[in-house]
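Engineer: The following block contains the structure, expressed as structure tokens.
Please treat every number below as a calculation from the coordinates, not as lab data. Here the structure is a predicted model, which is why all the values come from computation and not from measurement. Ideal geometry is used to build each Cβ from the backbone, glycine not excepted, and the neighbour counts take in all protein chains shown.
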Number of protein chains: 2
Amino acid sequence: MRAASISTRDTLIDTATELFLGRGFGLVGTNELCAASGINKGTFYHFFPSKSALMVAAIDRYSERFAAEFNDIALSGAPASTRLERFFDVPAKANRAWKSTHGFAQGCLIGNISLELAVVDPDVQHAIKRAIARWSMPIGHVINALVAEGTLQDIDRAAAAEIVIALMQGGILLAKVHNDPSRITILAHGALSHLRALASSRPPAS
Amino acid sequence: MRAASISTRDTLIDTATELFLGRGFGLVGTNELCAASGINKGTFYHFFPSKSALMVAAIDRYSERFAAEFNDIALSGAPASTRLERFFDVPAKANRAWKSTHGFAQGCLIGNISLELAVVDPDVQHAIKRAIARWSMPIGHVINALVAEGTLQDIDRAAAAEIVIALMQGGILLAKVHNDPSRITILAHGALSHLRALASSRPPAS
DNA sequence: GCCGGAGTTGACCGACCGGTCTGTTTCTGC
DNA sequence: GCAGAAACAGACCGGTCGGTCAACTCCGGC
């Protein structure tokens, strides 16, 4: 049935996200993927031409899910500096949820997979760039607001948004190593100061 | 001969570091490891009980190499704030060197491998914690100096050092995604401001 | 001068890898 | 109610995986 087929594909993507988050790409096999999804090999390759194609789909869905949460924050009525800090709650919350069900902090699919496949598989590389671009938009929106209200000097929005993403990723790494999701939030406290220093040292026109 | 045996082990660790940096742990096989090292399977398992034991050895050597460079910077006569920024030159330089020989930015062995194996293999997890502790020492030394000279309010040294490491890791991720090692240096500019914000919001006694 | 052990070799192991193929079932459009 | 496509099943493929093993070389100590 068609409805079931869609959910089969979805199930595959969701379990893939779970497993790849836990052990990366190379250490998770197609058999395991199928078993965990409750489907057969043939069904797997009916929906995806390859294992790495599933990885791309997982990255896309994963990045869209987070982008939606970032958008909600960006469009909320809170003060811009508050919204900036709240962005960090998104990965922090996801990490806490994961930890409560799996027992350990999980990290970020984008950050984690980038080494393993970014170089080897161009499609994955593009998916990762797409994810960062998606996340940069709501974050850039808030940075815009910070500049407009004078909290921040004029600054390259895209570069600043990526700095924020980098701060998150750094925090996620600490969270993973120490198995403590609250480390992500700590990084949030310095984000605005960090951007301010960047704005004063590197004008956007440079 | 004994001399050759030591260098065989060293070769194995060095080529493992190269290969793991390029494609992670799971996607690099023992056969490839042996072929690239110019040795045989038996020799591999003469020196290491398992593939992941080699990973641990590679992490240890890798972290020691960087720790030595951090130490040099920490003990140099430069102003403390300059030393803080110079820490970021270490991964930036390594990334540039790698890019010039391999054509792409490589990332960091510790940051990259932590997802793949941190949970699965406790030995690797400990090696990663060891690496971060090693790096925290010279960085903490400079943070101490910043506090002593009044540039920074009193702050939890260990936590602050890990923040700096997190900033580096975030920068390394950007460098990898954009294949541009200079992204690491950009993160350095805001490091001091970031720590200052942290110091004022979270006193060390908390 | 030979003995023991470190170093090294490469064939070999079963398990599992990603992926293919041939069906069978189930839904949909007509 | 049937034709055709989409969904699903699962046996099967060659190859590679991490790891083992028995044999051999080489060298320092006695």
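Engineer: Just to be sure I understand: with springs between alpha-carbon atoms less than 10 Å apart, which residue in B:VAL28, B:VAL56, B:VAL164 has the highest mean-square fluctuation in the Gaussian network model of chain B?
Structural biologist: B:VAL28
Engineer: What shape does segment A:26-143 have by the C-alpha gyration tensor, where a ≥ b ≥ c are the square roots of the eigenvalues, rounded means a/c under 1.5, and otherwise prolate means a/b greater than b/c and oblate the rest?
Structural biologist: Numbers: a/c = 2.44, a/b = 1.77, b/c = 1.37.
Because a/c hits 1.5 or more and a/b exceeds b/c, segment A:26-143 counts as prolate.
Engineer: If you put a point 7 Å past Cα along the Cβ direction, how far is that point for A:SER182 from the same point in each other copy, in nm, smallest first?
Structural biologist: Values, ascending and in nm: 4.0.
Engineer: Please report the net charge: other residues with Cβ closer than 15 Å to the Cβ of A:ASP121, K and R +1, D and E -1. Walk me through the numbers on the way to the answer.
Structural biologist: Working: positive: A:LYS51, A:LYS129, A:ARG130, B:ARG23, B:LYS176; negative: A:ASP60, A:GLU116, A:ASP123.
Computed value for this residue: +2.
Engineer: While we're here: Using just the helices of chain A, give the 222 nm mean residue ellipticity in deg cm²/dmol: DSSP H runs with n ≥ 4 each add -39,500 (n - 2.57), and the total is spread over all residues, rounded to 500.
Structural biologist: Taking each H run of at least 4 residues, the total per residue is -25500 deg cm²/dmol.
Engineer: Sticking with this one: Compute the distance from the alpha-carbon center of segment B:159-173 to that of segment B:62-122, in whole Å.
Structural biologist: 10 Å
Engineer: Step through the residues of segment A:176-190 one at a time and calculate ³J(HN,Hα) from phi using the Karplus curve (6.51 cos²θ - 1.76 cosθ + 1.60, θ = phi - 60°), rounding each to whole Hz and writing x for Gly and Pro.
Structural biologist: Values per residue, Gly and Pro as x: 5, 5, 9, 6, 9, x, 5, 4, 5, 5, 4, 4, 5, 4, x Hz.
Engineer: Which distances in nm, rounded to one decimal and ordered from shortest, link the label point of A:ALA158 to the equivalent label points in the other identical copies, with labels set 7 Å from Cα toward Cβ?
Structural biologist: So the distances to the same position in the other copies read 4.2 nm.
Engineer: How far apart, in nm, are two points set 7 Å out from the Cα along the Cα-to-Cβ line at B:GLU149 and at B:THR43?
Structural biologist: Using points 7 Å along Cα→Cβ, the separation is 5.0 nm.
Engineer: DSSP loop GluC sites (Glu not before Pro) in segment A:76-176 with at most 15 other Cβ atoms within 10 Å of their Cβ, which ones?
Structural biologist: Values: sites: A:GLU85, A:GLU116, A:GLU149, A:GLU162; in loops: A:GLU149.
Answer by residue number: A:GLU149.
Engineer: Is the C-alpha gyration tensor of chain B telling us rounded, prolate or oblate? Criteria: a/c under 1.5 is rounded; beyond that, a/b larger than b/c is prolate, otherwise oblate.
Structural biologist: Details: a/c = 2.20, a/b = 1.97, b/c = 1.12.
Since a/c reaches 1.5 and a/b is larger than b/c, the shape of chain B is classed as prolate.
Engineer: Report, for B:ARG61, each distance to the same residue's label point in the other copies, shortest first and in nm; define the point 7 Å along Cα→Cβ.
Structural biologist: So the distances to the same position in the other copies read 4.1 nm.
Engineer: Can you tell which of B:GLY190, A:PHE20, A:GLY190 lies farthest toward the positive end of the dipole of the protein assembly as shown, using +1 and -1 charges on the Cβ of basic and acidic side chains (Lys, Arg; Asp, Glu)?
Structural biologist: Towards the positive end, the residue furthest out is A:PHE20.
Engineer: Please report the residue of chain B with the smallest beta-carbon distance to the B-to-A rotation axis, and give that distance in Å, no decimals.
Structural biologist: In chain B, the Cβ lying nearest the symmetry axis toward A is B:GLY26, 1.
Engineer: Also, I was wondering about something else. Lys and Arg at +1, Asp and Glu at -1: add these up for the other residues within a Cβ distance under 12 Å of B:LEU174 and post the number. Before the final figure, lay out the partial values.
Structural biologist: Values: positive: A:LYS129, B:LYS176, B:ARG183; negative: A:GLU162, B:ASP180.
Residues near B:LEU174 contribute +1 overall.
Engineer: While we're on this one: If you take the square roots of the eigenvalues of the alpha-carbon gyration tensor of the protein assembly as shown and sort them as a ≥ b ≥ c, do you get rounded (a/c under 1.5), prolate (a/b over b/c) or oblate? If you can, show how the numbers build up before the last one.
Structural biologist: Numbers: a/c = 1.89, a/b = 1.12, b/c = 1.69.
Note, shape of the protein assembly as shown comes out oblate.
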